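Below you'll find the structure, written out as structure tokens, and then a few comments.
The values are calculated or read from the model by the stated rules, or taken from the named source; none is laboratory data. Every value quoted in this text rests on a predicted model; they were computed, and no experiment measured them. So basically every Cβ, Gly included, is an ideal-geometry build from the backbone, and we count neighbours across all protein chains shown.
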Amino acid sequence: MSRNKQPIIRAYARVATREQIKGISEHAENCNAYVYARVGGGSSSLPGTDIARITLEAQCDRLRECAESMGLKVVEKEAEFARIGISESSMQKMLKAAESGMIGTLVIAGCNRLHRNSEKAIDLLSELDHYGVRIYSQQEGWVNVSDEGQPSMLQFLQMMRSIDRKVR
């Protein structure tokens, strides 16, 4: 193999900082976490295959470890295979737990795991925020849905939604 064609290996890991851990323990009354994992239906991870099952289990384990490293207690876990986004039954289960006050934090791998449709992801994030649930994404960090005066992930997603509408 020539020098120009050497394989490149990249890795990305995100862990909670001390400030994030301190922030959750100081500001959250409810330190119960809901872990949501989703694996899409790409050709290499079709639902029911060993690769998909292992991938989904690994994502669940990483999210649980992430939550526990922040001092959160995982009280609910949802893992599913879905091509487009969170299933209606999983979303209702999550919202019911949020409405009842059972959870204080949702831990996800990334906002893109909630739904491919940015409008539906925004709606879900807004509803969770309405119930006082904080959202932690391993990719994006804390998703600030209602902090005034600061750019937030929600504002970014809303911009993307408006761009999506203009393109169509």
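Data overview
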item	result
Restricting segment 86-118 to residues that are farther than 17 Å from V39 by Cα and among the basic types (K, R), the residue that is surrounded by the most Cβ atoms within 10 Å (Cβ to Cβ)	K93
Which numbered condition R168 fails, given (1) out of contact with any Phe, Trp or Tyr (no Cβ under 6 Å at 6 or more places or on another chain); (2) modelled with pLDDT of 90 or more; (3) not acidic (D, E)	(2)
Members of segment 112-121 found to be outside any loop (DSSP other than H, G, I, E, B) and touching a Phe, Trp or Tyr at 6+ places or on another chain (Cβ under 9 Å), listed by number	R113
Criterion (closer than 24 Å to R53 by Cα and touching a residue at least 40 places away in the same chain (Cβ under 8 Å)) met by exactly one of V107, V133	V107
Filter result (over 17 Å from D61 (Cα atoms) and assigned to a loop (DSSP other than H, G, I, E, B)) within segment 91-111	S100, G101, M102, I103, G104
Pairs where the first residue, in segment 64-76, is more than 20 Å from A98 (Cβ to Cβ) and touching a residue at least 12 places away in the same chain (Cβ under 8 Å) and the second is among the aliphatic types (A, V, I, L, M) and part of a strand (DSSP E or B), C-beta under 9 Å, 6+ apart	none
Segment 70-85, subset within 19 Å of G110 (Cα to Cα) and basic (K, R), residue surrounded by the fewest Cβ atoms within 10 Å (Cβ to Cβ)	R83
